[in-house]
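These notes are about the structure you will find just below.
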Amino acid sequence: MRIIWQGLKVTFGMFLVAGLVFASSVFAVLLYAKATGKEQAFFASGTVLPVKSSIKPVQVIEATPKPVREKLKSAMIDAPVVKQLPELPAGCEITSLTMLLQFSGVNKNKIELAHEMPKDNTPVSLNTDGSIAYWGNPNTGFVGDVTRNQRGFGIYHAGLFPLLKAYIPSAIDVTGESFDMYEEQVARGIPVIVWTTIDYNIPYKWVTWDTPIGPLQTSFAEHAVLLVGYDEDNVYLNDPLSGKKQLKVNKAQFIESWAAMGKQGLTYLLPIK
């Protein structure tokens, strides 16, 4: 009986050792899988087979901040200046477009572009006091006669934009953007058509008339110029009415007039090389 009991203890000890060896082997495999990112699959047969993990190890990359481009304190562009007079007394916008297109390399003159300009041919209707009751909308096209042989007014950004886009596919309407954005555009070397007033002041008189797309409030002092430069205190304009190049105007005053006329502006983007 004692011999049998000794044999059982030896047999039990062998199974215990074998179990510990097996368990340590499995633990070692799992530890290896954890360290290497590989998973293991245990099949009914007891065979351990590697399974390709769908989880990729995380690659730690140090963040490198992109350099912030500081806006230049001043910039100036040498763009051609074109006079609207004598042919186009009401053509400040189309003449400003002519300057922008010529700067970009498009060989078009103001008369050619005036013929191509979108127009709102809605006839004018007057009130009994002579004020305008109903007329065209400058966001649709040029209102009136650009030569002022008859009553003529002007055109806004939305009306002029399609013509700019036809010649420069990268044209953008920057109406409503901050004036800082306009200056950044000039710093990149591209002028901006900007709506202001003839004397660069807030209009002292506003007029309102109805149009096919709703009422319009505006000023007959409305004007458009080409923004070609700026510094901390001034802006510099190619003015089609005076024919002056890089005309210096107080920046704060100019921004007020631009804001009063709806913060309108047109320009274009340089192609990505």
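The values are calculated or read from the model by the stated rules, or taken from the named source; none is laboratory data. None of the values given here were measured: they were computed from a predicted structure. Ideal geometry is used to build each Cβ from the backbone, glycine not excepted, and the neighbour counts take in all protein chains shown.
Of everything in the stretch 80-105, what is under 24 Å from the mean Cα position of the chain (by Cα) and either in a loop (DSSP other than H, G, I, E, B) or modelled with pLDDT under 95 (or both)? Give them in sequence order.
Passing the criteria: only Gly105.
Only one residue in Leu226, Leu247, Leu237 is at pLDDT 95 or above and touching a helix residue (DSSP H, G or I) at 6+ places or on another chain (Cβ under 6 Å). Which one?
Leu226
Just for the stretch 154-169: of the residues that are surrounded by 14 or more Cβ atoms within 10 Å (Cβ to Cβ) and of a type outside the set (A, V, I, L, M, F, W, C), which one is farthest from Gly105 (Cα to Cα)?
Gly154
Quick grid of which residues meet (1) buried (at least 20 other Cβ atoms within 10 Å of the Cβ); (2) over 19 Å from Pro86 (Cα atoms):
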site: Lys110; (1), (2): yes, no
site: Ala114; (1), (2): yes, no
site: Leu126; (1), (2): no, yes
site: Ser131; (1), (2): no, yes
site: Asn139; (1), (2): yes, yes
site: Arg148; (1), (2): no, no
site: Gly152; (1), (2): no, no
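Sort out which residues of the stretch 124-154 are farther than 20 Å from Val225 by Cβ and among the basic types (Lys, Arg), and write them in order of number.
Arg151
Could you figure out which of (1) touching a Phe, Trp or Tyr at 6+ places or on another chain (Cβ under 9 Å); (2) farther than 11 Å from Leu163 by Cβ isn't true of Gln102?
Gln102 satisfies every listed condition except (1).
Could you pull out the residue among Trp195, Trp206 that is in contact with a His (Cβ under 8 Å, 6 or more places away or on another chain) and closer than 26 Å to Pro123 by Cα?
Trp195 is the lone residue from the list that is in contact with a His (Cβ under 8 Å, 6 or more places away or on another chain) and closer than 26 Å to Pro123 by Cα.
Return the pairs, sorted by first residue and then second, in which the second residue is hydrophobic (A, V, I, L, M, F, W, C) and part of a helix (DSSP H, G or I), the first residue lies in the stretch 248-273 and is over 18 Å from Val228 (Cβ atoms) and assigned by TED's automatic domain parsing to the domain that holds Val194, the beta carbons are less than 9 Å apart, and the residues are 6+ apart or on different chains.
Ala259/Phe179; Lys263/Phe179
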